[in-house]
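Beneath this line is the structure, given in structure tokens, with notes to follow.
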Amino acid sequence: MNARSVRFLGGLIVMFVALLCSLYYLIPGYEHLLVTHDAKAMHPTHAIAFFAIAIVAFLVALVSRPQTTKRQAQQQ
């Protein structure tokens, strides 16, 4: 496995985890981590921050996705 594939898979994993964290901070009524006030309220600022991380991770995965060679494309 080369570095490009590792970046691709890492970007996808970080993207999905960040999206889940973003949704977690949008749901009111649960004890949210990393907040300084009212842990059971909805925290849109945290959700936006994790969504931005997800976008950056998606761009990393998009830029470093594995490329198919001409030989592989012709065999398919």
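Residue by residue, here is whether (1) at pLDDT 85 or above; (2) outside any helix (DSSP H, G or I); (3) in contact with a helix residue (DSSP H, G or I) (Cβ under 7 Å, 6 or more places away or on another chain); (4) not charged (D, E, K, R) holds:
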| position | (1), (2), (3), (4) |
| --- | --- |
| Leu23 | yes, no, no, yes |
| His46 | yes, no, yes, yes |
| Arg65 | yes, yes, yes, no |
| Arg71 | no, no, no, no |
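If you filter region 34-44 down to residues that are touching a helix residue (DSSP H, G or I) at 6+ places or on another chain (Cβ under 9 Å) and surrounded by fewer than 17 Cβ atoms within 10 Å (Cβ to Cβ), you find that the one that is modelled with the lowest pLDDT is Leu34. Going through (1) over 14 Å from Leu62 (Cα atoms); (2) surrounded by 14 or more Cβ atoms within 10 Å (Cβ to Cβ) one by one, Ile27 falls short only on (2).
The values are calculated or read from the model by the stated rules, or taken from the named source; none is laboratory data. Only a predicted model underlies this, so the values are computations on that prediction, with no experimental measurement involved. When we count neighbours, we look across all protein chains shown, and the Cβ atoms used for this are built from the backbone with ideal geometry, even at glycine.
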